[in-house]
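Working notes, beginning with the structure itself.
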Amino acid sequence: MPTTVTFFPVDNGDMTLIRLGDVDATTILIDVNIRIDADDSNSKIRDVAKDLRGQLKKDANGRPYVDAFLLSHPDQDHCRGLTRHFHLGPLSDYPDDAKEYKDKKIVIRELWSSPIVFRRASKNHTLCDDAKAFSKEARRRVQVNKDHYFAVSDGDRIQLMGKDIDGKTDDLVPIVRPVDEAFNTICGRTSQFFSAFLLAPIDASTDEEVEECLVKNESSVIINFTLAADDNTPDGAKFLSGGDAEVFIWNLQWDRHKKDPSVLEYDLMQTPHHCSWHSLSYDSWSDKGEDAKLDADARKALSQTRSGAVIVASCKPIKDDDSDPPCIRAKREYVAIVDDAEGKFYCTGEYPKAGEEEPMVFTVTSQGVALAQRREAGSKAAAFTSTTLTPLPHGAA
């Protein structure tokens, strides 16, 4: 099986699955937004939980699992449905009362969490119940790793994205992934099928003004993944994922990396904050409209395309009005970016058309990414396979 990246249609929210092409079909889930209506067979909302389970493998006990789950930041539209669909706590406490596979909770073999994201978010943001549950589970796993690092098994594993404040992660070096460095370990094993370059959250700053800006969305985890197409093509495609990171952090990313922008290059990017104008400008679109000023450096950070690059907006249909997010002006900028790269722009809420949304599956090839799809009419959650269309090739940076 090839490496794939799937974007699930979850309205204004994120839910993205990387499935590696290795022998274990290793999976990395980035955020989750499973609305209650998606579980209702009478609802027109896509059953993305069923779609997700359809791409997951089962363990020896018949339980569906993801190898890693990354929470970019603790907003509800990035963790909704976590406690309803995923098992949290020791695997010894896994409930075995589900009679049908669709009701079995998904096991998370390894969490990818950022302690400073939660710390900054809690300053001005009341965490939802799912975010609180994730935070509790992350703390449990950190303690297990402190007590039994060399004997930790799947279900207790965790990797921390970036350092915490005041040296709180200094004794957790084996599980901390520093900013501006790459890692390729998952569930205690090194993988040749992916590498993850951690761009954010930025470490705690002694500059109070800067630190005050790094709250909530600005502390989203930003990772640029390098995904292998096969054993012989380790750099099949680069996938840039940035949660709800807004203009301040993208401006800062350009300032930090403009001398070596290759770390920002991508073949596939998920628009930050659901195609929000606030990722490209400090001005309000609803207040200033066309007079809202574009931040040139933030745009440069988000424009490091390789040839044939694809940008995907995970959001509701984008309308020509004063809504934000999604914002029509932001869409225009992203369309211009991919037009320069001879690539394409997609919106999950409009694929294949509004009201009949389906997951978007991109296959990683030796030349970048290729859109793949299969639709089963009349089903809320049709199975899909990798029917590869014409590849969108990347070239030299």
Residue among SER195, SER191 that is open to solvent by less than 30 Å² (accessible area, probe 1.4 Å), modelled with pLDDT of 85 or more and small (Gly, Ala, Ser): SER191
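Determine whether ASN12 is open to solvent by 10 Å² or more (accessible area, probe 1.4 Å), at pLDDT 95 or above, polar (S, T, N, Q) and more than 20 Å from GLN192 (Cα to Cα). Before you say what the answer is, go through the steps one by one.
Working: open to solvent by 10 Å² or more (accessible area, probe 1.4 Å): yes; at pLDDT 95 or above: yes; polar (S, T, N, Q): yes; more than 20 Å from GLN192 (Cα to Cα): yes.
It is true that ASN12 is open to solvent by 10 Å² or more (accessible area, probe 1.4 Å), at pLDDT 95 or above, polar (S, T, N, Q) and more than 20 Å from GLN192 (Cα to Cα).
Considering each residue of region 329-348, count those that are over 17 Å from the mean Cα position of the chain (by Cα), within 19 Å of ASP14 (Cα to Cα) and not in a strand (DSSP E or B), and give that number.
Looking only at region 329-348, we keep the residues that are over 17 Å from the mean Cα position of the chain (by Cα), and these are 329-345.
From what's left, within 19 Å of ASP14 (Cα to Cα): 330-331, 334, 345.
If we keep only those that are not in a strand (DSSP E or B) too, we end up with 330-331, 334.
So the count comes out to 3.
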Cross-chain or 6+ apart pairs with Cβ under 9 Å, region 305-317 first and in a loop (DSSP other than H, G, I, E, B), then hydrophobic (A, V, I, L, M, F, W, C) and open to solvent by 10 Å² or more (accessible area, probe 1.4 Å): LYS316/ALA354; PRO317/ALA354
Selection from region 217-237 of residues that are β-branched (Val, Ile, Thr) and under 20 Å from HIS257 (Cα atoms): VAL221, ILE222, ILE223, THR226
Subset tally (residues that are assigned to a loop (DSSP other than H, G, I, E, B) and open to solvent by 20 Å² or more (accessible area, probe 1.4 Å)) for region 286-296: 3
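Which of the residues that make up region 38-54 are modelled with pLDDT of 80 or more and out of contact with any Asp or Glu (no Cβ under 8 Å at 6 or more places or on another chain)?
Step one: filter region 38-54 for residues modelled with pLDDT of 80 or more, giving 43-54.
The answer is LYS44, VAL48, LYS50, ASP51, LEU52, ARG53, GLY54.
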Options ASP283, ASP255; residue that is acidic (Asp, Glu), assigned to a loop (DSSP other than H, G, I, E, B), open to solvent by 30 Å² or more (accessible area, probe 1.4 Å) and modelled with pLDDT of 95 or more: ASP283
Evaluation of MET1 against (1) open to solvent by 10 Å² or more (accessible area, probe 1.4 Å); (2) in contact with a helix residue (DSSP H, G or I) (Cβ under 9 Å, 6 or more places away or on another chain); (3) in contact (Cβ under 8 Å) with a residue 40 or more places away in the chain (one fails), failing number: (2)
Output for region 229-242, where each listed residue is farther than 17 Å from VAL310 by Cα and either outside any loop (DSSP other than H, G, I, E, B) or in contact with a His (Cβ under 9 Å, 6 or more places away or on another chain) (or both): ASP230, THR233
Filter result (open to solvent by 20 Å² or more (accessible area, probe 1.4 Å), part of a helix (DSSP H, G or I) and in contact (Cβ under 8 Å) with a residue 24 or more places away in the chain) within region 136-163: LYS136, ARG140, VAL142, LYS146, TYR149
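Being more than 28 Å from ARG189 (Cα to Cα), of a type in the set (A, V, I, L, M, F, W, C) and surrounded by 17 or more Cβ atoms within 10 Å (Cβ to Cβ): is that true of ILE30 here?
no
Only residues that are assigned to a loop (DSSP other than H, G, I, E, B) and crowded, with 22+ Cβ neighbours inside 10 Å: list them for region 105-120, please.
Here is the first cut: in region 105-120, the residues assigned to a loop (DSSP other than H, G, I, E, B) are 105, 109, 114.
Hit for region 105-120 is SER114, nothing else.
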Pairs, first in contact (Cβ under 8 Å) with a residue 40 or more places away in the chain and open to solvent by less than 60 Å² (accessible area, probe 1.4 Å) in region 343-359, second of a type outside the set (D, E, K, R) and part of a loop (DSSP other than H, G, I, E, B), C-beta under 6 Å, six or more apart: CYS347/ILE318; THR348/PRO9; THR348/SER314; GLY349/CYS315; GLY349/PRO317; GLU357/PRO9; PRO359/PHE8
The one condition in (1) modelled with pLDDT of 95 or more; (2) hydrophobic (A, V, I, L, M, F, W, C); (3) open to solvent by less than 10 Å² (accessible area, probe 1.4 Å); (4) on the phi < 0 side of the Ramachandran plot that VAL335 fails to fulfil: (3)
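Which of the residues belonging to region 235-252 are open to solvent by 20 Å² or more (accessible area, probe 1.4 Å) and more than 16 Å from the chain's Cα centre (by Cα)?
As a first pass, look at region 235-252 and keep what is open to solvent by 20 Å² or more (accessible area, probe 1.4 Å): 235, 238, 246, 248, 251-252.
Once the filter is applied, which keeps residues that are open to solvent by 20 Å² or more (accessible area, probe 1.4 Å) and more than 16 Å from the chain's Cα centre (by Cα), region 235-252 yields ASP235, PHE248, ASN251, LEU252.
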Considering residues of region 1-23 that are of a type in the set (Asp, Glu) and under 20 Å from GLU356 (Cα atoms) only, the residue farthest from the chain's Cα centre (by Cα): ASP11
Subset of region 258-280 (residues that are at negative phi, part of a helix (DSSP H, G or I) and open to solvent by 20 Å² or more (accessible area, probe 1.4 Å)): PRO261, SER262, VAL263, HIS278
Checking PRO317 against (1) open to solvent by less than 60 Å² (accessible area, probe 1.4 Å); (2) modelled with pLDDT under 95, the condition it does not meet: (2)
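The values are calculated or read from the model by the stated rules, or taken from the named source; none is laboratory data. In this text the structure is predicted, and so the values were computed from the model without any measurement. Cβ: placed from backbone, ideal geometry, glycine included. Neighbour counts: every protein chain shown. Just the protein is used for accessible areas: all its heavy atoms, side chains included, with ligands, DNA and RNA removed. Shrake-Rupley method; radii C 1.70, N 1.55, O 1.52, S 1.80 Å.
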